[in-house]
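Asks: Let me give you the structure first, and then I'll get to my questions.
No value in this document is a laboratory result; all are computed from the given coordinates. Keep in mind it's a predicted model, so treat the numbers as computed, not measured. For neighbour counting, all protein chains shown are included, and Cβ atoms are generated from backbone atoms with ideal geometry for every residue, glycine included.
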Amino acid sequence: MEPFQNPYMSLPGISPEEIGLLQQATQGLNENQNKYFFMVYAGKRKSPQDMLIFCIIGTCLVPGLQRFIVGQVGMGLLYLFTGGLCVIGSIVDLVNHKTLAFEYNKKIAYESFQIAKMGA
């Protein structure tokens, strides 16, 4: 695949590490499966900018929102009932929003790969 035809470059806020992850994840897929993988992954992916917004809202208004968004319900409840672990946990998440987004996207890439292998 040529760099100019790489559909992942159109995803907002994509990092070189994420592109490398996606290239490894789609290595064993044929063209139809690759298109299906991209469609599923792009629909579920969280950009670092979106995660920053969720972290700001989680710090100021709804403690733990960022954790609920990435599917960590237990941590979200803990943040909600402890005020974002006395705001310290929310501030740490605010600083590490790119890592939160990357870890979530890594999990979604694996799930999208499984769906693409079975579906297409």
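Asks: Can you work out the Karplus-derived ³J(HN,Hα) for every residue in segment 100-108? Use 6.51 cos²θ - 1.76 cosθ + 1.60 with θ = phi - 60°, whole Hz, and x for glycine or proline.
Replies: 4, 5, 5, 5, 5, 5, 5, 5, 5
Asks: Also: Calculate, for SER10 and ILE56, the FRET efficiency according to 1/(1 + (r/R0)^6) with r their C-beta to C-beta distance and R0 35 Å; round to the nearest 0.05.
Replies: So, using R0 = 35 Å, E works out to roughly 0.85.
Asks: Hey, another quick one. Considering the convex hull of the alpha carbon atoms of segment 13-58, report its projected area averaged over all viewing directions, in nm², one decimal.
Replies: Result: a mean projected hull area of 3.6 nm².
Asks: I've got another one for you. Report the Stokes-Einstein translational diffusion coefficient (µm² s⁻¹, integer) for segment 23-94, Rh taken as the Kirkwood radius over Cα pairs, at 4 °C with viscosity 1.567 mPa s.
Replies: For the chosen part, D equals 96 µm²/s.
Asks: Compute the distribution of all C-alpha to C-alpha distances in the chain, in bins of 5 Å from 0, and list the percent of pairs in each, rounded to whole numbers.
Replies: So the P(r) values, bin by bin, are 2, 12, 21, 19, 14, 12, 9, 6, 3, 1.
Asks: As a footprinting exposure proxy, order MET118, MET75 by other Cβ within 10 Å, with the fewest listed first.
Replies: Taking fewest neighbouring Cβ atoms as first place, the list is MET118, MET75.
Asks: Count the net charge of all other residues whose Cβ sits under 12 Å from the Cβ of GLN72, scoring Lys and Arg as +1 and Asp and Glu as -1.
Replies: 0
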